Amino acid sequence: MAASFALRAGGLNAGVLPRTPNSRRACVAVRAGKYDEELVNTARTMASPGRGLLAMDESNATVGKRLDSIGLENNETNRKAYREMLVSTQGLGQYISGAILFEETLYQSGNNGRKMVDMLTEQGIVPGIKVDKGLAPLANSNGEQWAQGLDGLDKRCAEYYKAGARFAKWRSVVSIPNGPSTIAVRESAYGLARYAAICQNAGLVPIVEPEILLDGDHDIQRCLEVSEAVWAETFKYLADNKEMNRQPNPWHVSFSYARALQNTVLKTWQGKPENVGKAQEALLKRAKANSDAQRGQYDPATEGSTEAAQSMYQKGYQY
């Protein structure tokens, strides 16, 4: 599991922290505008007990690697067939509350003519959309990166909302071996906060994801130190940008997985129509296992195979 942190948006009493001479910081209540009630309902659905997120927002290049592993060509037909198999799995809504989609999938219909987003919403699964534009080198840093995508984000979010999306995801990364430098941490936190404010104003609940990469030979204590620093900076900028969720702690803890839910599915499917049913059964089994874990009820003895215990960590993984 990546050392990432997802902050659920939707609590609308936000802390705004203006600086005034010789005075303490003041907290002011703000609202999210015309979408406020819908944002709260969306967030509550996403954070419902026993359910988590299916991350199926791999870029065309990344999903191509998945297809290549089973000997399939990376084309729209095969990508659509794979993703349609996921979203059309009956009973998935019992364990999955939201699905993060790639832009291509958001606008696609299945072979039966039904929209992918409709297949999800019919099962009570909230459609979401990845909105960052990937990572780029951070100038004058030690090989660090920053997440692109703020330019034009307001217009894109408006279109995504019209297409049926109700939440968004933005992933930034922080590398421990390469620093992290002050500017890299600040860039990650500020970019996430601006993204969150823009999305909420467009009716999309923002998932805030500052991911601390696992790569490196540092120990767990160093990972904790960096994580705390990144989270603190992210909370600070969320408060500055009026997004901050002030629900009582502890927050709802859930899951959001891509490979951990899909690897067995892909191996079972093998691109063959006659394997779709078995592949969907495999997806339900993995989703239920995560649901049980979310409730504190997971028993590894029920797995019946060693596949679930296999590590999926890849050094230097590129999304």
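Descriptive notes on the structure:
- For GLY52, residues with placed amide H under 5 Å, excluding near neighbours: ILE96, SER97, GLY98
- Residue-normalised accessible area of the range 165-234, expressed per residue, 1.4 Å probe, Å²: 37 Å²
- Per-residue accessible area (protein heavy atoms, 1.4 Å probe) orders TYR190, TYR35, TYR160 as TYR190, TYR35, TYR160, starting from the largest.
- Per-residue HN-Hα couplings for the range 105-113 [Karplus 6.51, -1.76, 1.60; θ = phi - 60°; Hz; x = Gly/Pro]: 5, 4, 9, 8, 10, x, 5, 8, x
- Cβ-derived FRET efficiency at R0 30 Å, ALA158 paired with VAL40, nearest 0.05: 0.90
- Accessible area of the range 75-114 belonging to carbon and sulfur atoms, whole % at 1.4 Å probe: 43 percent
The values are calculated or read from the model by the stated rules, or taken from the named source; none is laboratory data. All values derive from a computational prediction rather than experimental measurement. Using ideal geometry, Cβ is built from the backbone for each residue, glycine included, and neighbour counts are taken over all protein chains shown. Side chains included, ligands, DNA and RNA excluded: accessible areas come from the protein's heavy atoms. Shrake-Rupley method; radii C 1.70, N 1.55, O 1.52, S 1.80 Å.
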